[in-house]
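Down below is the structure, laid out as structure tokens.
The values are calculated or read from the model by the stated rules, or taken from the named source; none is laboratory data. Fair warning: this is a prediction, and the values are worked out from it, not measured in the lab. Every residue, glycine as well, gets a Cβ built from its backbone with ideal geometry; the counts of neighbours run over all protein chains shown. These accessible areas exclude ligands, DNA and RNA; they are computed on the full protein's heavy atoms, side chains included. Shrake-Rupley method; radii C 1.70, N 1.55, O 1.52, S 1.80 Å.
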Amino acid sequence: GAVVSQHPSRVICKSGTSVKIECRSLDFQATTMFWYRQFPKQSLMLMATSNEGSKATYEQGVEKDKFLINHASLTLSTLTVTSAHPEDSSFYICSARGGGRGTDTQYFGPGTRLTVL
Amino acid sequence: EDQVTQSPEALRLQEGESSSLNCSYTVSGLRGLFWYRQDPGKGPEFLFTLYSAGEEKEKERLKATLTKKESFLHITAPKPEDSATYLCAVRSSSNTGKLIFGQGTTLQVKP
């Protein structure tokens, strides 16, 4: 149980293009989803928190117009990196958490490696 | 400010050599301490959640314990497949559900 998938696992794109990453909770309903990025040999950096049906809450320093997050259903959230540049190259990881008592745990997806040329 | 510090940064063990990883935390109202394992190029894999001082949880060769200021992840008779980065994170009552992560401990177990 508590499986989270991400698609694609790897993406290479040209500078200036947009890339969409999907995050799905496969066997539970995720009231809250989180998006992180991780640089080599560093810990996870939270980018934004999204609740189903409402606007995402972005962390300080994260450009909301560049990293568009949509959480349209209880099992799907998407992250769109708009007008990507080489400095956006990173490992992006989503996590999902269900609602209710005893569901404090965030379950993570396998991650998406983005390379912008 | 909520804070999590893990030590050591890196740990090398021989197969079968037991040891412990430390996670020290400062939070305003602990709502859960979480341990994850992360392999290179993959997302973190959930291991344990601890909620109150004195609580312990076990899974195979791993045992997590919790006090009011720190948590330990004890690894008994580790095997090479236990090699990974172990992440500790806390959720506080002031953080609206966000996890605050430590920098991780990278464990290498040699055969």
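Quick check on B:TYR86: is it among the aromatic types (Phe, Trp, Tyr), more than 10 Å from every other protein chain (Cβ to nearest Cβ) and out of contact with any Pro (no Cβ under 7 Å at 6 or more places or on another chain)? Talk me through it step by step, then tell me what you get.
Numbers: among the aromatic types (Phe, Trp, Tyr): yes; more than 10 Å from every other protein chain (Cβ to nearest Cβ): yes; out of contact with any Pro (no Cβ under 7 Å at 6 or more places or on another chain): yes.
Criteria met by B:TYR86.
Test A:LEU68 against the stated conditions and say whether it is more than 12 Å from every other protein chain (Cβ to nearest Cβ), among the aliphatic types (A, V, I, L, M), outside any loop (DSSP other than H, G, I, E, B) and open to solvent by 50 Å² or more (accessible area, probe 1.4 Å). Yes; evaluated as a whole, the condition is true for this residue.
Of the conditions (1) within 29 Å of B:LEU33 (Cβ to Cβ); (2) part of a strand (DSSP E or B), A:GLN60 clears all except one; give me its number. All conditions pass for A:GLN60, except number (2). Each residue in segment A:71-117 was checked for being assigned to a strand (DSSP E or B), farther than 14 Å from A:THR49 by Cβ and more than 11 Å from chain B (Cβ to nearest Cβ), and 10 of them qualify.
I'd like the full set of residues that are exposed (fewer than 14 other Cβ atoms within 10 Å of the Cβ) and more than 24 Å from A:SER5 (Cα to Cα), limited to segment B:28-52. B:SER28, B:GLY29, B:TYR51, B:SER52, listed by residue number. Considering segment B:15-27, and only residues there that are open to solvent by 40 Å² or more (accessible area, probe 1.4 Å) and either within 14 Å of chain A (Cβ to nearest Cβ) or of a type in the set (Asp, Glu) (or both), the residue that is nearest to B:GLU1 (Cα to Cα) turns out to be B:GLU17. When A:PRO40 is tested against the conditions (1) open to solvent by 30 Å² or more (accessible area, probe 1.4 Å); (2) in a strand (DSSP E or B); (3) under 22 Å from B:GLY41 (Cα atoms); (4) not aliphatic (A, V, I, L, M), the lone failure is (2).
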